[in-house]
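A.B. asks: Sending over a structure as structure tokens; questions will come in a sec.
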Amino acid sequence: MKSIKIFLAAFCTFLAFSTFAQTSQASQTAQSTQAAQTAVFKVYGNCSSCKKHIETAAHVTGVAKADWNKDTKMLTLVYDPSKVTTDDIQKRIAAVGYDTPKYRGDDKAYNKLDECCQYDRKQPK
């Protein structure tokens with residue numbers, strides 16, 4: 001009889017910890033889903049090489065998805081605003097030579113882009 005009580009106590013303890021772990025995981029997943037935001041903004045470029053450069057520059061800690069559409073010139077980001085801002089991401093994209101709504105691409109980086117990637121730029125104000 002004593003061994004049955006020990007087994008039942010151990011089993012109940014196991015169930016309690018299992019339930020707690022599942023609840024904790026579900027809570028963490030819900031928090032990360034709630035934290036994710038989507039932003040869409042224009043990034044000037046021309047081709048699939050541009051797509052690769054822009055998306056690579058945008059992928060930083062806190063960015064879950066970066067997808068640039070070469071036809072619309074729009075970058076769609078899914079990111080965690082507690083880890084990164086769209087301003088930070090636009091600065092990184094500008095640093096590799098691509099213009100965004102807030103930042104003009106770095107001129108030296110732009111001049112090093114492949115010829116197919118050198119889009120028509122607006123003159124600085």
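None of the figures in this text is laboratory data; all of them are computed from the coordinates on show. None of these values were measured; they are calculated from a predicted model. Heads up, the Cβs are rebuilt from the backbone with ideal geometry, glycines too, and the neighbour counts pull from every protein chain shown.
A.B. asks: Mind ranking 87-99, 68-80 by how tightly packed they are, going by the mean number of other C-beta atoms within 10 angstrom, highest first? Present the calculation step by step, with values, prior to reporting the outcome.
C.D. replies: Values: 87-99: 20.5, 68-80: 16.4.
Highest-to-lowest ranking by the protection proxy: 87-99, 68-80.
A.B. asks: Calculate the FRET efficiency for N69 and N111 from the Cβ-Cβ distance with a Förster distance of 25 Å, rounded to the nearest 0.05. Write down the numbers at each step before the final one.
C.D. replies: On the way: r = 25 Å, r/R0 = 1.00.
Using R0 = 25 Å, I get an efficiency of 0.50.
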